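Worksheet: the structure to be examined is printed underneath.
The values are calculated or read from the model by the stated rules, or taken from the named source; none is laboratory data. Note that this is a predicted model, so its numbers are computed, not measured. Cβ sites come from the backbone with ideal geometry, for glycine too, and all protein chains shown count toward neighbours.
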Amino acid sequence: MAIASINPATGETLKIFEPLNDSEIAAKLDLAGRVFPNYRKTSFSERSQWLKQAATILQQEKADFAKTMTLEMGKPYKAAIAEVEKCALVCNYYAEYAPSFLADVDVKTDASHSFVRYQPLGAILAVMPWNFPFWQVFRFAAPALMAGNVGLLKHASNVPQCALAIEDILHRAGFPQGAFQTLLIGAAQVADLMADDRVKAATLTGSEPAGASLAAAAGKQLKKTVLELGGSDPFIVLPSADIETAVVAATTARMLNNGQSCIAAKRFIIAEAIADKFEKLLLDKFLALKVGDPMQPDIDLGPLATSDILQDLHQQVQSAVNSGGKVLTGGKPLSDGPGNFYPPTIITDIPLDKPIAQEEFFGPVALLFRVPDIDAAIELANATPFGLGASAWTTNNQECDRLTTEIEAGAVFINSMVKSDPRLPFGGIKRSGYGRELSIQGIHEFVNVKTVWVK
């Protein structure tokens with residue numbers, strides 16, 4: 001089955017690629033297997049130089065890369081520019097800090113000398129999503145390559161041009177041929193890759209079913225995985241908060257990437273005492289958002305990435321309404337032209353005992369809940385199978401301590417929207433996955449943590 005690049009704003013087919021056949025896949029695995037023994041012996045200074053050069057290429061050609069992202073998956077062009085810049089940031093970060101993150105660590109024992117040494121594993125398979133088609137890959141590739149591993153990228157099938165561009169960037173930066181390869185293949189071939197002895201571990205960012213499938217395939221081979229899956233992130237606002245600032249952040253956090261972000265705020269949990277004011281301000285912000293061609297600089301919201309995503313989102317909205325929810329704005333696809341456009345939508349009054357209240361809405365839909373106090377806010381925040389991120393707004397120190405301690409998530413941001421930062425570990429708990437990316441914890445996921453004892 002062909003791999004197609006389709007513009008979600010127009011429905012136009014941009015380019016079609018033939019997926020790799022079995023012999024082509026085998027050749028790429030052979031190349032990865034051949035290059036690793038030599039690549040692992042390259043110095044940190046060489047790898048750092050190549051990674052810094054990748055950052056330079058990203059910065060110099062960001063307009064072209066951003067255009068490719070916008071045309072393939074529909075994110076606003078200005079957001080795509082920011083994504084390329086963030087990729088350059090993570091490259092420079094690991095170029096600078098990886099040598100210290102991976103330095104031998106002396107441990108005092110009764111040996112003459114004992115220490116921990118970090119060594120690469122080999123070829124790491126990255127199964128990556130379409131929503132941040134450059135950032136998701138570079139936040140894996142930068143630490144993996146600096147650790148001495150080689151990378152195999154199975155990108156989402158709707159962003160093949162992004163996948164090929166990333167491979168080209170890293171090769172032009174100086175990394176040896178075969179150190180990072182894009183595999184244009186379908187999801188059905190991932191299990192066979194995991195069964196190949198040359199693939200040593202895998203990371204996946206994507207849906208729960210995709211994560212479970214990869215974990216099962218890896219488990220049969222006793223290979224490590226890191227999974228970053230979905231989220232139904234709460235956004236809690238308590239009476240002491242700066243409501244106007246919180247509403248601005250809430251709008252940005254919900255509409256990030258056209259609402260298609262695992263860490264986007266999705267469930268807005270508002271204290272009853274301020275709920276009327278918050279709801280009115282949020283509605284005003286949503287009504288002011290401009291929807292349209294994501295290549296235009298004044299557009300706030302572009303199309304959803306595929307027609308299937310559009311249909312799935314609308315089915316969820318209908319389910320919320322059928323469960324008792326009330327639509328304040330939006331609520332159905334825009335039908336006055338081509339493309340996968342869904343308007344900014346707010347739904348209130350969904351009964352808490354309905355399953356739809358716990359689901360992840362992957363699009364520009366905000367679910368608004370009212371609670372009497374902080375106890376109910378924390379209980380509702382945790383009443384979901386997910387545990388990726390959470391944002392909470394308060395100026396009360398005691399409330400801050402409770403929120404950071406009691407919310408079940410991989411990250412809690414107080415008086416700020418949730419975001420990823422190369423300096424901080426990123427990942428979730430519960431059905432949002434396991435393991436961490438970024439920071440020192442991320443680079444340690446795919447290394448052999450070797451104990452050395454000398455006497």
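What to note about this one:
- Unmet requirement for residue 235, which otherwise passes all of (1) buried (at least 23 other Cβ atoms within 10 Å of the Cβ); (2) in contact with a Leu (Cβ under 9 Å, 6 or more places away or on another chain): (2)
- Out of 66, 55, 88, one residue alone is outside any strand (DSSP E or B), closer than 18 Å to residue 158 by Cα, free of Cβ contacts under 8 Å to residues at least 60 places away in the same chain and out of contact with any Pro (no Cβ under 9 Å at 6 or more places or on another chain). It is 66.
- Identity of the residue in region 339-357, touching a residue at least 60 places away in the same chain (Cβ under 8 Å) and in a strand (DSSP E or B), that ends up surrounded by the most Cβ atoms within 10 Å (Cβ to Cβ): 346
- Residue match in region 394-409 (condition: buried (at least 23 other Cβ atoms within 10 Å of the Cβ), among the polar types (S, T, N, Q) and assigned to a loop (DSSP other than H, G, I, E, B)): yes
- Residue match in region 16-28 (condition: in the same structural domain as residue 441 (by TED's automatic domain parsing), assigned to a strand (DSSP E or B) and touching a residue at least 12 places away in the same chain (Cβ under 8 Å)): yes
- Screening the candidates 271, 275 for the property of being of a type in the set (Gly, Ala, Ser) and in contact with a Leu (Cβ under 7 Å, 6 or more places away or on another chain) yields one hit, 271.
- Residue selected from region 191-219 under the condition more than 15 Å from the chain's Cα centre (by Cα) and among the charged types (D, E, K, R), by the criterion surrounded by the fewest Cβ atoms within 10 Å (Cβ to Cβ): 197
- Candidates in region 429-451 are the residues that are assigned to a strand (DSSP E or B) and of a type in the set (D, E, K, R); of these, the one that is surrounded by the fewest Cβ atoms within 10 Å (Cβ to Cβ) is 450.
- In region 31-40, of all residues being surrounded by fewer than 16 Cβ atoms within 10 Å (Cβ to Cβ) and in contact (Cβ under 8 Å) with a residue 24 or more places away in the chain, the one that is nearest to residue 183 (Cα to Cα) corresponds to 34.
- Any hit, region 358-368, residues being among the aliphatic types (A, V, I, L, M), in a strand (DSSP E or B), within 30 Å of residue 13 (Cα to Cα) and at pLDDT 95 or above: yes
- Number of residues in region 145-173 that are under 19 Å from residue 214 (Cα atoms) and in a helix (DSSP H, G or I) equals 0.
- Residues satisfying the stated conditions in region 279-315, i.e. out of contact with any Gly (no Cβ under 9 Å at 6 or more places or on another chain), free of Cβ contacts under 8 Å to residues at least 60 places away in the same chain and not in a loop (DSSP other than H, G, I, E, B): 280, 281, 284, 285, 287, 288, 308, 311, 315
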